[in-house]
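Here's the structure we're looking at; comments come further down.
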């Protein structure tokens, strides 16, 4: 005899799934700051204890002018990161390098994450993704945040996601990266020198603009090793 599952109003299970994922991200310990700076776009991460290995990154390159940051379950973030690289490679092959944009990458992530969230029989992604796009000129810089339900927020202001009591980050767009590192350390409640730091370098001499920086070295170069 077939059992008929109990009816659950859509609003109720959507709320339950939202609470489940947001609590998971908040309790996970990860935090991300993405902000424009004098040298391009800085992406900084505080990692929870499970992610302290240098092989487990929260901030990564996707394509020439695109970078990826995520908070939440590492293996799910890694799955999405790899999917983004494959998407960029295929789009480059089919069209061209400049056709790989932050908007197209964010839309791809939104489809994957949103479809999974909408399926009641599948666990939703326990991640929040940020895509940073370095424009050909500073006015074209864009940030895209993809939430666990597939919704997308786009803008140019600083992004703050993950486990933090703060909800905003007030920084000028042309601040030196050392100032961004110190501010991120404050809002993420971690020693600035211990942050993971990535930079989409506006002054790069090659088509690949992403590079990793050592936070302590950035602070020392500015005359502040704290």
Taking 0.36 nm per intervening residue step and subtracting the Cα-Cα distance, what contour gain separates residue 153 from residue 99 on full extension? 17.4 nm
Can you sort 195, 98 from fewest to most other Cβ atoms within 10 Å of each residue's own Cβ? 98, 195
Using only alpha carbon pairs under 8 Å that are at least six residues apart, calculate the relative contact order of region 32-221 and give it in whole percent. 30
Report, in deg cm²/dmol and to the nearest 500, the calculated mean residue ellipticity at 222 nm for the chain, where each DSSP H run with n ≥ 4 adds -39500 (n - 2.57) and the sum is divided by the residue count. -11000 deg cm²/dmol
Nitroxide proxy distance, nm - points 7 Å out along Cα→Cβ at residue 217 and residue 111: 3.9
Most exposed to least, judged by fewest other Cβ atoms within 10 Å, 24, 11 sort to 11, 24
Largest-first semi-axes in Å of the equivalent ellipsoid built from the Cα gyration tensor of the chain are 32, 22, 14
For the chain, the longest principal axis of the Cα atoms and the Cα long axis of helix 102-118 enclose an angle in degrees, to the nearest 10, of 30
Hydrodynamic calc, region 168-226: Kirkwood Rh from Cα pairs, then Stokes-Einstein at 20 °C with viscosity 1.002 mPa s, so D in µm² s⁻¹ is 176
The residues 74, 20, 148, sorted from fewest to most surrounding Cβ atoms within 10 Å, come out as 20, 74, 148
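Bear in mind that the values in this text are calculations on the coordinates, not laboratory data. Note that the structure is predicted; figures quoted are calculated from it, not measured. Cβ: placed from backbone, ideal geometry, glycine included. Neighbour counts: every protein chain shown.
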